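One structure is given here, and the rest of the page talks about it.
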Amino acid sequence: MLTGANVHDSTQLQPLVEAIPPVRGKPGRPRRRPEIVQGDRGYSSDEHRHWLRARKIRPLLARIGSPHGSGLGKTRWVVERTLAWLHHFRRLRIRWERRDDIHLAFLKIGCALIAFNFLQKGFC
């Protein structure tokens, strides 16, 4: 989800979870929600935890003030690595476009190039 630079990430947790499309693949009804949601300290609030639990989603949100090394980094590094790959594209490192549709188009091109390079190297 694309927001302004001055909007805190935690305000987008609920719209992001609600926007998850059905996941197909296994026989039966497609899943509409994840089993677990991971997040850093920016998402740490009891309101978010209660909202996720009400939807039968287990929250793995790092608590504010907890020491580093909570274990989330073992799986979260994939997200951080991908964001670092996106920052290799100079146009995405700093947002220069005023229109969000143009920035979103460059973001999609960057993701397509990352996926192409990933598949070309034979990691899958």
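Coordinate-derived values only; no laboratory data. Please read all numbers here as calculations on a predicted model, not as lab measurements. Virtual Cβ from ideal backbone geometry, glycine too; neighbours counted across all protein chains shown.
Remarks
- Secondary-structure-derived ellipticity at 222 nm for the chain, considering helices only, amounts to -13000 deg cm²/dmol, per-run term -39500 (n - 2.57) for DSSP H runs with n ≥ 4.
- Taking a straight Cα-Cα cut-off under 30 Å and skipping sequence neighbours fewer than 8 places away in the same chain, the lysines within cross-link reach of Lys108 are Lys26, Lys74, Lys121.
- Counting Lys and Arg as +1 and Asp and Glu as -1 over every other residue whose Cβ lies under 14 Å from the Cβ of Phe89, the net charge comes to +4.
- Here the gap between Lys26 and Ile64, fully extended at 0.36 nm per residue and compared with their Cα-Cα distance, gives a gain of 9.9 nm.
- The modelled label-to-label distance for the pair Val17/Arg81, using points 7 Å beyond Cα in the direction of Cβ, is 2.7 nm.
- Electrostatic bookkeeping for Arg53 treats Lys and Arg as +1 and Asp and Glu as -1; over the other residues with beta carbon under 13 Å from its beta carbon, the sum is +2.
- Arg31 long-range amide H proximity, modeled H, under 5 Å: Val23
- Rg over Rh for the chain works out to 0.99, using Cα positions for both radii and the Kirkwood form for Rh.
- In order through segment 84-94: 3J(HN,Hα) via Karplus (6.51 cos²θ - 1.76 cosθ + 1.60), integer Hz, x for Gly, Pro: 5, 4, 5, 6, 5, 7, 4, 5, 9, 4, 10
- Value of relative contact order over the chain, rounded to a whole percent, pairs C-alpha under 8 Å and six or more apart: 16
- On the basis of the beta-carbon distance and an R0 of 25 Å, Asp40 and Phe116 show a calculated FRET efficiency of 0.30.
- Phi-derived couplings, Karplus 6.51 cos²θ - 1.76 cosθ + 1.60 at θ = phi - 60°, listed residue by residue for segment 31-43: 5, 10, 8, x, 7, 9, 10, 9, x, 8, 5, x, 9 Hz, with x used for Gly and Pro.
- Full-extension gain in nm, His88 to His103, via 0.36 nm per residue minus C-alpha separation: 3.9 nm
- For segment 30-124, GluC sites (Glu not before Pro) meeting the loop criterion (DSSP other than H, G, I, E, B) and having at most 10 other Cβ atoms within 10 Å: Glu35.
- Compactness ratio for segment 71-124: Cα radius of gyration over 2.2 N^0.38 Å (N = residue count) comes to 1.30.
- Within segment 1-70, all pairs of alpha-carbon atoms sorted by distance into 5 Å bins from zero give the percentages 3, 14, 23, 21, 17, 12, 6, 2, 1.
- A dipole drawn for the chain from +1 and -1 charges on Cβ atoms has a positive end, and of Ile64, Phe106, Val23 the residue lying farthest that way is Val23.
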